[in-house]
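The values are calculated or read from the model by the stated rules, or taken from the named source; none is laboratory data. A quick note: this is a predicted structure, and the numbers were derived from the prediction, not measured. Reconstructed Cβ throughout: ideal geometry from the backbone, glycine too, with neighbour counts over all protein chains shown. In case anyone asks, the SASA skips ligands and DNA or RNA and just uses the protein heavy atoms, side chains included. Shrake-Rupley method; radii C 1.70, N 1.55, O 1.52, S 1.80 Å.
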Amino acid sequence: MATRQPLVLVPGLLLTADMWREQIARLSDIAHCLVPTGQYRLDDVGDMARAVLAEAPEGFALCGLSMGGYIVQEIMRQAPERVTRLALIDTSARPDTPEQTQRRRSFLELTRLGKFRGITPQLLPFLLHEKNLNNASLVERLMTMADEIGPEGFIKQQTAIMGRPDSRPSLAHVRVPTLVLCGESDALTPPELHHEMAALIPGARLEILRDAGHLAPMERAGKVATLLRAWLKA
């Protein structure tokens, strides 16, 4: 059997390794998958990137979704020589808008008032394609992951997200095979933001998936695994 290449998969806000469940299973023949955890309860994207790098092997393919995408873009600034391939999924290179920051602050206030369990249901329409809102197993997975991260982790993750830098100036320096992918109905980081990233990264491949919102690896698990396989072999 050919040597499997290391693949670091970085989850998004309130998500854990379970969000990558299908991709890990489908890619295990060609990739040794690692989902880092040291970043879960940190409140700064730079520190999150350093935590991921501390768990990662010397050289690796790197993939991140949403908040994970913010982290992997920071990794590309801190240690580009260690990354062999880059995948940015349902994410953005831009910093928060004032409106986005205000919405996050509202969620944080609810959390501090002890209403953390009510946040995930409120987020569902932003996370999932409308076809998937009544998918009980998918929703249960999301709720379980959110409970695992917990209110303290949620507060720190949102704080890190609000403080993230503008990554657009650094994307032109990416020199590894890059996949930029998102759900066509992504309400949080819509397709135009992915067109922007793909245009800034030399030679990047752009894929927009139908019937998916902000969580394409869960909503279109098989298709995302197929695209990641092609990217790993490119």
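The table below gives the values:
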| item | result |
| --- | --- |
| Whichever residue in segment 49-96 is of a type in the set (Val, Ile, Thr) and more than 19 Å from Pro169 (Cβ to Cβ) and, among such residues, is surrounded by the most Cβ atoms within 10 Å (Cβ to Cβ) | Ile89 |
| Enumeration of residues in segment 132-146 that are open to solvent by 70 Å² or more (accessible area, probe 1.4 Å) and either among the hydroxyl-bearing types (Ser, Thr, Tyr) or within 25 Å of Gln100 (Cα to Cα) (or both) | Ser137, Thr144 |
| Pairs with Cβ under 8 Å, 6+ apart, first in segment 3-15 and closer than 13 Å to Ala61 by Cβ, second assigned to a loop (DSSP other than H, G, I, E, B) and open to solvent by less than 10 Å² (accessible area, probe 1.4 Å) | Val8/Pro36; Val10/Pro36; Val10/Gln39 |
| Residue list for segment 50-84, restricted to those being touching an Asp or Glu at 6+ places or on another chain (Cβ under 7 Å) and closer than 17 Å to Pro6 by Cβ | Arg82 |
| Candidate set: segment 9-48, residues that are closer than 17 Å to Ala234 by Cβ and among the hydrophobic types (A, V, I, L, M, F, W, C); chosen: the one most open to solvent (accessible area, probe 1.4 Å) | Ile30 |
| Count of segment 101-119 residues which are under 24 Å from Glu219 (Cα atoms) and either out of contact with any helix residue (DSSP H, G or I) (no Cβ under 8 Å at 6 or more places or on another chain) or open to solvent by 90 Å² or more (accessible area, probe 1.4 Å) (or both) | 1 |
| All positions within segment 160-186 that are open to solvent by 20 Å² or more (accessible area, probe 1.4 Å), touching a Leu at 6+ places or on another chain (Cβ under 8 Å) and in contact (Cβ under 8 Å) with a residue 60 or more places away in the chain | Arg168, Val176, Pro177 |
| Failed item, numbered, when Gly183 is tested on (1) closer than 19 Å to Val8 by Cβ; (2) within 15 Å of the chain's Cα centre (by Cα) | (1) |
| Test for Asp96: is it of a type in the set (D, E, K, R) and closer than 19 Å to Thr16 by Cα | no |
| Test: residue in segment 120-129 that is open to solvent by 70 Å² or more (accessible area, probe 1.4 Å), among the polar types (S, T, N, Q) and more than 20 Å from the chain's Cα centre (by Cα) | no |
